[in-house]
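This report refers to the structure that appears directly beneath it.
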Amino acid sequence: MDQLTRPAGERWRTFAQILANTAVANLTTSYLWFGLTFWIYLETRNVIATGVTGGVYMLLLAGSSISFGTLVDRYRKLDLMRLAALFTLAMFLAAGAVFLLAPAAEIARLDGPWFWVFALLVLIGAVVENLRNVALSTTVTILIDDERRANANGLVGMVQGIAFMVTSVLSGLSIGLLGMGPTVVIALVLTAAAYLHLLTVRLPEETVPVLSDAHGGFDLAGSWRGVMAVSGLFALILFSTFNNFVGGVYMALMDPYGLELFSVEAWGLVFALASTGFIIGGAVIGKFGLGRNPLRTMLLVVMVMGLIGATFTLREWGWLYVVGIWLYMRLIPAVEAAEQTVIQRVVPLERQGRVFGFALAFEASAAPVTALVVAPLAEVWIIPYARSEAGAAVLAPLLGEGTARGIALVFLLAGLIMVVAAALAFLTPVYRRVSVEYALAASGEDADHRAG
């Protein structure tokens, strides 16, 4: 493979095509995923159901990401993207069939099989779509020159934000006005359209897979070697996991909190407004990059995100919640882009798939731990205590009056823990080691560029 076979502008346009197609795929799976979450809560009014569903999704993602990375290193990236799109389409078709054939009175019962079969098929289809995201990170390395990769990673974050924004509106309106059945049909149409478009994309820079030592379908040993070959890279993955700690809490409780403040249709619109922060954050990085040390930028951002998570539910005010979500999402692309930019610079292309897969698996495992623990704790103990007279009296001076004070207490504690963890990371030797490794790799690539 030779990155210089085509001018940079042509390679950027190919990247834009792949990015746009991935945006449609992410939009589709997010649309159905959001719809499933809204539908589950509205049918059951049980945060354990939403928390367990979200936790299962993240566990499936964590368990499959090593395989995703191994496949990305062994095979052509574009071929894998097409395979993932086709598999997701098949899973959504199966989910639609289950929803159509299941008795209407049984499909939403948590103690029956139909609900869990339907939800699992949707989850599997959404998880496999993430194979495309692992492959997308490596196509940035293939198509984009080093000095522009942070900008490209920022654009990746921006299109993910667009997917969040659009799907939150569509999912809320779709579930509220149409129901779950038509929502599945719309997701099927969009998935098929993205797959057909992907068949027209060409990636001449990768006529054959890059030579790699990956083998089998689950090369955990190779993934570990790829991570440990770069000094401090495992620490970088740990730093990124800080963001996923609060992410797991939000996964379990953000929608229930929003649905306590707003109707499902209004919540979709409100979340769409807040998601514009994601788009703006990605666009800013796409324009200005991440600075000389992306790791330092990432840790500072994580600290700010923790402060936001600790304060945006101090009062049960809709506007405060929306502003907090907007600010939080404004910062997410910086965390994601920082990790990707460092890996793309310090890890050889032939190992990047496994390293990205390992990072995804490790970071994804943090969210279900918090979601599966926090959701039952909130449902069984924290929320009932906060709604009792004694609990309300204790929490009122700090969190005010309201029916969702228990959820607010969880957000407050999780955010403060996140701030402390990120602050301590600055003091570790591995932080300095990763920063030096990144700077040395940058100096080496600059020298190679001048010599060429």
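How many of the residues making up region 265-277 are at pLDDT 75 or above and open to solvent by less than 10 Å² (accessible area, probe 1.4 Å)? Summing the residues that are at pLDDT 75 or above and open to solvent by less than 10 Å² (accessible area, probe 1.4 Å) in region 265-277 gives 3. Taking the listed residues Leu269, Leu290, Leu295, Leu259, the one that is within 22 Å of Ile162 (Cα to Cα) and touching a Ser or Thr at 6+ places or on another chain (Cβ under 7 Å) is Leu290, with no other qualifying.
Filtering region 70-84 down to residues that are open to solvent by less than 20 Å² (accessible area, probe 1.4 Å) and touching an Asp or Glu at 6+ places or on another chain (Cβ under 8 Å), which residue is farthest from Ala359 (Cα to Cα)?
Let us first name the residues in region 70-84 that are open to solvent by less than 20 Å² (accessible area, probe 1.4 Å), namely 70, 72-73, 77-78, 80-81, 84.
Imposing the further condition that a residue be touching an Asp or Glu at 6+ places or on another chain (Cβ under 8 Å) reduces the set to 70, 73, 77-78, 84.
Details: Thr70: 13, Asp73: 15, Lys77: 18, Leu78: 21, Ala84: 19 Å.
Restricting to residues being open to solvent by less than 20 Å² (accessible area, probe 1.4 Å) and touching an Asp or Glu at 6+ places or on another chain (Cβ under 8 Å), the top hit is Leu78.
When the residues of region 163-180 are filtered to those that are small (Gly, Ala, Ser) and in contact with a Gly (Cβ under 8 Å, 6 or more places away or on another chain), the one that is surrounded by the most Cβ atoms within 10 Å (Cβ to Cβ) is Ser171. On the stretch given as region 34-58, residues that are closer than 12 Å to Leu120 by Cα and not in a helix (DSSP H, G or I) total 0. Checking each residue in region 327-350 for being in contact (Cβ under 8 Å) with a residue 12 or more places away in the chain, under 23 Å from Asn151 (Cβ atoms) and over 16 Å from the mean Cα position of the chain (by Cα) picks out Leu327, Thr341, Val342, Ile343, Gln344, Arg345, Val346, Val347, Leu349.
Would you confirm whether or not region 140-148 contains a residue that is touching a Gly at 6+ places or on another chain (Cβ under 6 Å), on the phi < 0 side of the Ramachandran plot and surrounded by 18 or more Cβ atoms within 10 Å (Cβ to Cβ)? No, every residue in region 140-148 fails to be touching a Gly at 6+ places or on another chain (Cβ under 6 Å), on the phi < 0 side of the Ramachandran plot and surrounded by 18 or more Cβ atoms within 10 Å (Cβ to Cβ). For the residues Phe278, Phe271, the requirement of being under 16 Å from Tyr257 (Cβ atoms), in contact with a helix residue (DSSP H, G or I) (Cβ under 8 Å, 6 or more places away or on another chain) and aromatic (Phe, Trp, Tyr) singles out Phe271.
Would you please name the residue that is nearest to Thr14 (Cα to Cα), looking only at residues in region 197-225 that are loosely packed, with under 14 Cβ neighbours inside 10 Å, aliphatic (A, V, I, L, M) and touching a helix residue (DSSP H, G or I) at 6+ places or on another chain (Cβ under 9 Å)? Here the answer is Leu199. Would you call Tyr31 over 14 Å from Leu123 (Cα atoms) and either surrounded by fewer than 19 Cβ atoms within 10 Å (Cβ to Cβ) or at pLDDT 75 or above (or both)? So Tyr31 fails the test. Number of residues in region 98-147 that are without any contact (Cβ under 8 Å) to a residue 40 or more places away in the chain and within 30 Å of Gly286 (Cβ to Cβ) equals 1.
Step by step: first the residues of region 385-430, then only those that are touching a Gly at 6+ places or on another chain (Cβ under 8 Å) and aromatic (Phe, Trp, Tyr), then the one that is farthest from Arg148 (Cα to Cα). Which residue is that? My answer is Tyr385.
The set of residues in region 319-365 that are among the small types (Gly, Ala, Ser) and either at pLDDT 85 or above or open to solvent by less than 10 Å² (accessible area, probe 1.4 Å) (or both) comprises Gly324, Ala334, Ala337, Ala338, Gly353, Gly357, Ala359, Ala364. State whether one or more residues within region 406-416 are in contact with a Phe, Trp or Tyr (Cβ under 6 Å, 6 or more places away or on another chain) and either surrounded by fewer than 16 Cβ atoms within 10 Å (Cβ to Cβ) or not β-branched (Val, Ile, Thr) (or both). Checked against the condition, which is being in contact with a Phe, Trp or Tyr (Cβ under 6 Å, 6 or more places away or on another chain) and either surrounded by fewer than 16 Cβ atoms within 10 Å (Cβ to Cβ) or not β-branched (Val, Ile, Thr) (or both), region 406-416 yields no hits at all. Check region 85-97 and report whether any residue there is farther than 15 Å from Val185 by Cα and open to solvent by less than 50 Å² (accessible area, probe 1.4 Å). Yes: region 85-97 contains one or more residues that are farther than 15 Å from Val185 by Cα and open to solvent by less than 50 Å² (accessible area, probe 1.4 Å).
The values are calculated or read from the model by the stated rules, or taken from the named source; none is laboratory data. Owing to the predicted nature of the structure, the values given are computational and were not obtained by experimental measurement. Don't worry about glycine lacking a Cβ; one is built from the backbone with ideal geometry, like all the others, and counts go over all protein chains shown. Areas reflect the complete protein model, heavy atoms only, side chains present, ligands, DNA and RNA absent. Shrake-Rupley method; radii C 1.70, N 1.55, O 1.52, S 1.80 Å.
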